[in-house]
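Asker: I'd like to ask some things about the structure below.
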Amino acid sequence: MHPCLIAVFAAAALFVCAPPALAGGDKEHSYVGNKKCGTCHKKDDIGNQIAAWKDSGHAKAWETLATDQAKEWAAERALGDPQQEADCVKCHETAHGVPDERVSRKFDRQGGVQCEACHGAGKDYRKKKIMVDRDEAVSRGLVLQNEEVCLTCHNDESPAWKADRYTRADGTKAGFDYEQAVKKIAHPVPEDYDPSADDPE
(Lines give C-alpha, C1' and ligand atoms only; values in the text may rest on other atoms or scores of the structure.)
Protein backbone atom coordinates (compact mmCIF):
# COMPACT_ATOMS: atom_id res chain seq x y z
CA MET A 1 0.00 0.00 0.00
CA HIS A 2 1.20 3.51 -0.78
CA PRO A 3 2.73 5.25 2.31
CA CYS A 4 0.34 8.22 1.96
CA LEU A 5 -2.67 5.92 2.09
CA ILE A 6 -1.27 4.18 5.17
CA ALA A 7 -0.99 7.57 6.88
CA VAL A 8 -4.58 8.48 5.96
CA PHE A 9 -5.93 5.17 7.30
CA ALA A 10 -3.87 5.50 10.49
CA ALA A 11 -5.27 8.98 11.11
CA ALA A 12 -8.82 7.74 10.52
CA ALA A 13 -8.27 4.84 12.92
CA LEU A 14 -7.06 7.24 15.63
CA PHE A 15 -10.22 9.32 15.29
CA VAL A 16 -12.53 6.31 15.47
CA CYS A 17 -10.67 4.26 18.10
CA ALA A 18 -9.15 6.86 20.40
CA PRO A 19 -10.99 8.06 23.50
CA PRO A 20 -13.02 11.18 22.62
CA ALA A 21 -10.60 13.48 24.45
CA LEU A 22 -7.79 12.36 22.16
CA ALA A 23 -9.77 12.35 18.93
CA GLY A 24 -9.14 15.83 17.64
CA GLY A 25 -7.71 19.05 18.93
CA ASP A 26 -4.03 19.81 19.19
CA LYS A 27 -3.79 19.81 23.00
CA GLU A 28 -3.95 16.73 25.15
CA HIS A 29 -6.12 17.71 28.08
CA SER A 30 -5.96 16.24 31.58
CA TYR A 31 -8.53 14.22 33.53
CA VAL A 32 -9.89 15.42 36.87
CA GLY A 33 -12.52 12.79 37.75
CA ASN A 34 -16.21 12.67 38.63
CA LYS A 35 -15.76 14.28 42.04
CA LYS A 36 -14.55 17.48 40.40
CA CYS A 37 -17.36 17.35 37.83
CA GLY A 38 -19.76 16.75 40.71
CA THR A 39 -18.75 20.03 42.35
CA CYS A 40 -21.50 21.53 40.20
CA HIS A 41 -23.22 18.57 38.58
CA LYS A 42 -24.49 16.96 41.78
CA LYS A 43 -26.72 19.95 42.51
CA ASP A 44 -30.45 19.60 41.91
CA ASP A 45 -30.82 23.06 40.36
CA ILE A 46 -28.44 22.09 37.56
CA GLY A 47 -30.01 18.64 37.09
CA ASN A 48 -27.86 16.40 39.34
CA GLN A 49 -26.16 14.62 36.45
CA ILE A 50 -23.99 12.65 38.89
CA ALA A 51 -27.08 10.92 40.34
CA ALA A 52 -28.27 10.00 36.84
CA TRP A 53 -24.81 8.62 36.03
CA LYS A 54 -24.71 6.55 39.24
CA ASP A 55 -27.95 4.85 38.18
CA SER A 56 -26.58 4.00 34.73
CA GLY A 57 -24.70 1.01 33.37
CA HIS A 58 -21.79 3.35 32.65
CA ALA A 59 -21.15 3.76 36.39
CA LYS A 60 -20.87 -0.02 36.77
CA ALA A 61 -18.81 -0.65 33.64
CA TRP A 62 -15.62 -1.62 35.50
CA GLU A 63 -17.49 -4.00 37.80
CA THR A 64 -19.04 -5.84 34.86
CA LEU A 65 -15.57 -6.99 33.81
CA ALA A 66 -15.41 -9.10 36.99
CA THR A 67 -18.61 -11.02 36.20
CA ASP A 68 -18.70 -14.64 35.12
CA GLN A 69 -20.17 -13.56 31.78
CA ALA A 70 -17.22 -11.24 31.08
CA LYS A 71 -14.76 -13.98 32.00
CA GLU A 72 -16.56 -16.41 29.70
CA TRP A 73 -16.44 -13.96 26.78
CA ALA A 74 -12.75 -13.33 27.45
CA ALA A 75 -11.99 -17.06 27.50
CA GLU A 76 -13.81 -17.50 24.17
CA ARG A 77 -11.38 -14.97 22.71
CA ALA A 78 -8.32 -16.56 24.33
CA LEU A 79 -7.99 -13.59 26.68
CA GLY A 80 -7.18 -13.63 30.37
CA ASP A 81 -8.72 -11.60 33.18
CA PRO A 82 -11.03 -9.01 31.52
CA GLN A 83 -9.92 -6.38 34.07
CA GLN A 84 -6.35 -6.83 32.81
CA GLU A 85 -6.96 -7.08 29.07
CA ALA A 86 -6.66 -3.88 27.02
CA ASP A 87 -9.28 -5.16 24.56
CA CYS A 88 -11.80 -5.14 27.41
CA VAL A 89 -10.53 -2.36 29.63
CA LYS A 90 -10.41 0.30 26.88
CA CYS A 91 -14.19 0.72 27.06
CA HIS A 92 -14.72 0.02 30.75
CA GLU A 93 -12.06 2.26 32.30
CA THR A 94 -11.94 6.03 31.94
CA ALA A 95 -8.60 7.43 30.73
CA HIS A 96 -7.34 4.02 29.63
CA GLY A 97 -3.88 4.38 28.11
CA VAL A 98 -3.53 8.02 29.18
CA PRO A 99 -0.18 8.77 30.85
CA ASP A 100 -0.26 9.36 34.62
CA GLU A 101 0.93 12.96 34.21
CA ARG A 102 -2.38 13.74 32.47
CA VAL A 103 -4.51 12.23 35.23
CA SER A 104 -5.32 13.88 38.56
CA ARG A 105 -3.74 12.23 41.60
CA LYS A 106 -7.19 11.47 43.07
CA PHE A 107 -8.68 10.22 39.81
CA ASP A 108 -10.03 6.67 39.92
CA ARG A 109 -9.46 5.12 36.49
CA GLN A 110 -11.57 2.15 37.53
CA GLY A 111 -14.61 4.19 38.52
CA GLY A 112 -16.53 3.08 35.43
CA VAL A 113 -17.30 5.06 32.31
CA GLN A 114 -17.18 8.47 33.94
CA CYS A 115 -18.12 11.95 32.71
CA GLU A 116 -14.83 12.53 30.93
CA ALA A 117 -14.97 9.26 29.01
CA CYS A 118 -17.76 10.81 26.93
CA HIS A 119 -17.37 14.56 27.46
CA GLY A 120 -13.58 14.81 27.18
CA ALA A 121 -10.83 15.33 29.76
CA GLY A 122 -12.09 18.25 31.83
CA LYS A 123 -9.25 20.05 33.56
CA ASP A 124 -9.21 22.93 31.10
CA TYR A 125 -12.97 23.43 30.68
CA ARG A 126 -14.51 22.36 34.00
CA LYS A 127 -14.82 25.77 35.63
CA LYS A 128 -18.25 27.32 35.46
CA LYS A 129 -17.08 30.56 33.83
CA ILE A 130 -15.83 28.44 30.92
CA MET A 131 -18.69 25.92 30.85
CA VAL A 132 -21.29 28.66 30.37
CA ASP A 133 -19.57 29.58 27.07
CA ARG A 134 -20.01 26.50 24.85
CA ASP A 135 -17.47 27.60 22.22
CA GLU A 136 -14.86 28.37 24.85
CA ALA A 137 -15.46 25.04 26.59
CA VAL A 138 -15.08 23.15 23.30
CA SER A 139 -11.86 25.00 22.55
CA ARG A 140 -10.58 23.75 25.92
CA GLY A 141 -11.47 20.10 25.38
CA LEU A 142 -15.22 19.66 25.90
CA VAL A 143 -16.46 16.96 23.53
CA LEU A 144 -19.96 17.58 22.20
CA GLN A 145 -22.05 14.44 22.15
CA ASN A 146 -23.06 12.66 18.98
CA GLU A 147 -23.44 9.11 17.74
CA GLU A 148 -19.79 8.85 16.72
CA VAL A 149 -18.64 9.31 20.32
CA CYS A 150 -20.89 6.46 21.48
CA LEU A 151 -19.83 4.16 18.65
CA THR A 152 -16.26 4.33 19.93
CA CYS A 153 -17.33 1.53 22.30
CA HIS A 154 -20.88 0.57 21.37
CA ASN A 155 -19.94 -1.41 18.27
CA ASP A 156 -19.60 -4.98 17.03
CA GLU A 157 -16.14 -5.40 18.60
CA SER A 158 -17.91 -5.88 21.93
CA PRO A 159 -18.78 -9.47 22.85
CA ALA A 160 -22.03 -8.13 24.30
CA TRP A 161 -23.06 -6.76 20.89
CA LYS A 162 -26.42 -7.95 19.60
CA ALA A 163 -27.26 -6.92 16.05
CA ASP A 164 -30.97 -6.82 16.90
CA ARG A 165 -30.79 -5.13 20.33
CA TYR A 166 -32.80 -2.09 19.18
CA THR A 167 -35.91 -1.75 17.07
CA ARG A 168 -35.79 1.57 15.27
CA ALA A 169 -38.82 3.78 14.59
CA ASP A 170 -39.00 2.40 11.05
CA GLY A 171 -39.16 -1.19 12.37
CA THR A 172 -35.61 -2.18 11.39
CA LYS A 173 -33.30 -3.86 13.89
CA ALA A 174 -29.94 -2.45 14.94
CA GLY A 175 -27.15 -3.21 17.36
CA PHE A 176 -27.10 0.42 18.44
CA ASP A 177 -29.60 3.23 18.06
CA TYR A 178 -28.31 6.59 19.21
CA GLU A 179 -31.71 8.22 19.72
CA GLN A 180 -32.94 5.45 22.03
CA ALA A 181 -29.64 4.97 23.83
CA VAL A 182 -29.24 8.64 24.63
CA LYS A 183 -32.69 8.68 26.26
CA LYS A 184 -31.62 5.84 28.58
CA ILE A 185 -28.74 7.88 29.94
CA ALA A 186 -30.29 11.34 29.65
CA HIS A 187 -28.92 13.83 32.18
CA PRO A 188 -29.69 17.30 30.81
CA VAL A 189 -29.28 20.67 32.48
CA PRO A 190 -32.81 21.99 33.18
CA GLU A 191 -34.01 24.68 30.78
CA ASP A 192 -34.74 27.02 33.68
CA TYR A 193 -31.25 26.70 35.19
CA ASP A 194 -29.76 30.12 35.99
CA PRO A 195 -26.01 30.05 35.22
CA SER A 196 -25.55 33.35 37.05
CA ALA A 197 -25.94 31.50 40.38
CA ASP A 198 -22.92 31.47 42.67
CA ASP A 199 -19.87 29.66 41.33
CA PRO A 200 -18.53 27.12 43.89
CA GLU A 201 -15.00 27.85 42.74
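The values are calculated or read from the model by the stated rules, or taken from the named source; none is laboratory data. Remember, predicted model here, so these are calculated numbers, not experimental data. Don't worry about glycine lacking a Cβ; one is built from the backbone with ideal geometry, like all the others, and counts go over all protein chains shown. Heads up: the accessible areas ignore ligands, DNA and RNA and are worked out on the full protein's heavy atoms, side chains in. Shrake-Rupley method; radii C 1.70, N 1.55, O 1.52, S 1.80 Å.
Asker: Apply the Karplus parameterisation 6.51 cos²θ - 1.76 cosθ + 1.60, with θ equal to phi minus 60°, to every residue of the stretch 150-161 and state each ³J(HN,Hα) to the nearest whole Hz, in sequence, with x for glycine and proline.
Answerer: Calculated HN-Hα couplings, in order: 5, 5, 4, 10, 7, 8, 6, 6, 6, x, 8, 4 Hz.
Asker: Please report the net charge: other residues with Cβ closer than 10 Å to the Cβ of Lys42, K and R +1, D and E -1.
Answerer: Around Lys42, the surrounding residues sum to +2.
Asker: From the Cα gyration tensor of the stretch 90-160, with a ≥ b ≥ c the square roots of its eigenvalues, which class applies: rounded if a/c is under 1.5, or else prolate if a/b is larger than b/c, or else oblate?
Answerer: Oblate, since a/c reaches 1.5 and b/c is not below a/b.
Asker: Return the long-range amide H neighbours of Val103 (sequence gap of 5 or more, or a different chain), with a cut-off of under 5 Å between placed amide H atoms.
Answerer: Counting only residues 5 or more places away or on other chains, the set is Tyr31.
Asker: Assuming 0.692 mPa s and 37 °C, estimate D for the stretch 129-187 with Stokes-Einstein, Rh taken as the Kirkwood radius over Cα pairs, in µm²/s.
Answerer: 245 µm²/s
Asker: May I ask you to list the aspartates and glutamates whose Cα is less than 15 Å away from that of Lys129, ignoring any residue fewer than eight positions away on the same chain?
Answerer: Leaving aside aspartates and glutamates fewer than 8 places away in the same chain, those within reach of Lys129 are Asp194, Asp198, Asp199, Glu201.
Asker: What's the local net charge at Arg105, with K and R +1, D and E -1, over the other residues with C-beta under 13 Å away?
Answerer: +3
Asker: Still on this structure, I have one more. For the stretch 43-124, rounded, prolate or oblate, judged on the Cα gyration tensor with a ≥ b ≥ c (square roots of eigenvalues), a/c < 1.5 rounded, else prolate if a/b > b/c?
Answerer: Oblate shape, in that a/c is at least 1.5 and b/c is the bigger or equal ratio.
Asker: Enter the accessible area of Thr172 (Å², nearest 10), with the probe set to 1.4 Å and all protein chains included.
Answerer: Near enough 60 Å² of accessible area.
Asker: What residues have an amide H closer than 5 Å to that of Asp124, excluding those fewer than 5 places away on the same chain, when H is modeled at 1.01 Å from N in the peptide plane?
Answerer: Excluding prolines and chain starts, which carry no amide H, the hits are Ser30.
Asker: Let me ask you something else. Give me the percent of accessible area attributable to carbon and sulfur for the stretch 29-68, probe 1.4 angstrom.
Answerer: Result for the stretch 29-68: 55 percent of the exposed heavy-atom area is carbon or sulfur.
Asker: Turning to a different aspect of this structure: Shape verdict for the stretch 58-177, please, from the Cα gyration tensor: rounded (a/c under 1.5), prolate (a/b greater than b/c) or oblate.
Answerer: Verdict is oblate for the stretch 58-177.
Asker: Relative to the present Cα-Cα distance, how much length would full extension add between Thr39 and Glu85 at 0.36 nm per residue of separation?
Answerer: 13.3 nm
Asker: Need one value: the accessible area of Phe176 in square angstrom, 1.4 angstrom probe, rounded to the nearest 10.
Answerer: Around 20 Å² of this residue is reachable by solvent.
Asker: Mind listing the phi-derived Karplus ³J(HN,Hα) values for the stretch 54-59, rounded to whole Hz, using 6.51, -1.76 and 1.60 with θ = phi - 60°, and x for any glycine or proline?
Answerer: 4, 8, 9, x, 4, 5
Asker: Can I ask one more? What accessible area per residue, rounded to a whole number of Å², is obtained for the stretch 127-189 using a probe radius of 1.4 Å?
Answerer: 68 Å²
Asker: In the structure displayed, which of Lys106/Lys162; Lys35/Lys90; Lys43/Lys173 lie more than 29 Å apart, Cα to Cα?
Answerer: Lys106/Lys162; Lys43/Lys173
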